Amino acid sequence: MLPSVFPREPLPDKGMVVKTPRISSGADTAALASENAAVNEVDIVEAVVSSPVSTIAGMQDISLQLLERSDPSIDAVIAMELGNGIAQDLDTLLFTGSGTAPYLRGLDNVASISTLSYTDATPTQAELWAKIIQLAATVAAALGKPPTHLLAHSRRIAWLFGSSWSSAPVTLPYGMEAVAADSITTLAGAGTNEDKIYIVAADELPIFVGPTTFNVFLDGPGADTLTARCRAYAFASALFGRASEAIGILSGTGLTPPVY
C-alpha cells in the first residue's frame, strides 16, 4: 500500500545503510538590484541523513509431493502469501521503524517533525477536521508547499467521512488524498487504544525497496524427508529524515475507537 504513496527509488547495489545530504538552511537567492551587481550568497548548513536497510523475510516448509503434485501449483500460492506478508511488514516499518539497525527509520521516529495533539473525551468529526486543517497548514508553512496525503487507519477514515456527520466536507484541504493504512497502530496512547493521523508531502519522502526474491530449496535440512523449503525476502529503507518538514503527526485521546 504505502510504496504506492511515496516515491520509490532504486535501492543501492551494496551496503546496509542508505544516505543522502540534507540542507537545513542557506542556499538563498535574490533578484539583482542592477546590472553587474553582486550575486546573493548564503552559506548552506548541511548534514548527512541515513537510515538502515531492513531485511523482511518469511519461509514455509512443504512436502515434495505437495510441491510437485499440487494443482494448481502450491508454490505460486505460497509466493503470493509471503509477498503479501512482506508488503504488510514494510508498511508497518514505514510508520514505526526505529532507525536503529536493522530497522529502517519510519515516520514516527523522524526528528523535528510537526506534531499536534487532539485531547477530547467526547471527540467529534467537526473538531477533528479542525485539527487536520491546523496540522496541514503547519506542515505547509514549514515546508513551503502544501502536503499531499492524509494517512489514517481505515476506522478513522470511515468515521471522519461517515454519513452520521451530515456536514462532512467533500475534499481535504490543499486537495490532499486520503489513504487508509491499517498498518497504523491502534494501540497508541496511555490507554493503548488510540490511532494516529499523518499529514505528509509524500513527494519529499523517498523510499528504497528492492525486488522480492522467492526461492524453493530441495537440498536443505529436510532433504532426507523430501521436504522442500519456500523462502521469500526483500530489502527496504526510507529517507524520511531528508525532509522532516514534510511530516506532521496528529495524536491524542480524541483518536480513541470511534463511535459510529
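Where a number appears in this text, it was derived from the coordinates with a stated rule and is not lab data. Note that the structure is a prediction, hence the values are computed from the model and not measured. Don't worry about glycine lacking a Cβ; one is built from the backbone with ideal geometry, like all the others, and counts go over all protein chains shown.
Out of every Cα pair in region 26-82, what percent are spaced more than 16 Å from each other? Present the calculation step by step, with values, prior to reporting the outcome.
Working: 1122 of 1596 pairs.
Summing the P(r) tail past 16 Å for region 26-82 gives 70 percent.
How large is the translational diffusion coefficient of region 201-260 in µm² per second when you combine the Kirkwood radius over alpha carbon pairs with Stokes-Einstein at 20 °C and 1.002 mPa s? Write out the running numbers ahead of the final one.
Details: Rh = 16.3 Å.
In µm²/s, the coefficient is 131.
Any chance you could list the semi-axes, whole Å, largest first, of the equivalent ellipsoid that the Cα gyration tensor gives for region 59-105, using √(5λ)?
Those come to 33, 11, 5 Å.
Suppose R0 equals 22 Å; then what is the FRET efficiency for LEU187 and VAL259 from their Cβ-Cβ distance, rounded to the nearest 0.05? Provide the component values of the computation, followed by the final result.
Working: r = 19 Å, r/R0 = 0.84.
The formula returns an efficiency of 0.75 here.
What FRET efficiency do you get for ALA141 and ALA76 if R0 is 45 Å and r is their Cβ-Cβ distance, rounded to the nearest 0.05?
0.35
Order of 201-210, 173-182, 31-40, 139-148 by packing, highest average Cβ count within 10 Å first?
Numbers: 201-210: 20.3, 173-182: 16.3, 31-40: 7.3, 139-148: 18.5.
Descending mean neighbour count gives 201-210, 139-148, 173-182, 31-40.
For the chain, what number results from the quotient of the Cα radius of gyration and 2.2 N^0.38 Å?
1.26
Using the Cα atoms of region 24-156, I'd like the radius of gyration and the largest Cα-Cα distance, Dmax, both in angstrom.
24.5, 83
For a label point 7 angstrom out from the Cα of ASN215 toward its Cβ, which stretches of region 45-80 have the backbone nitrogen within less than 14 Å?
57-60
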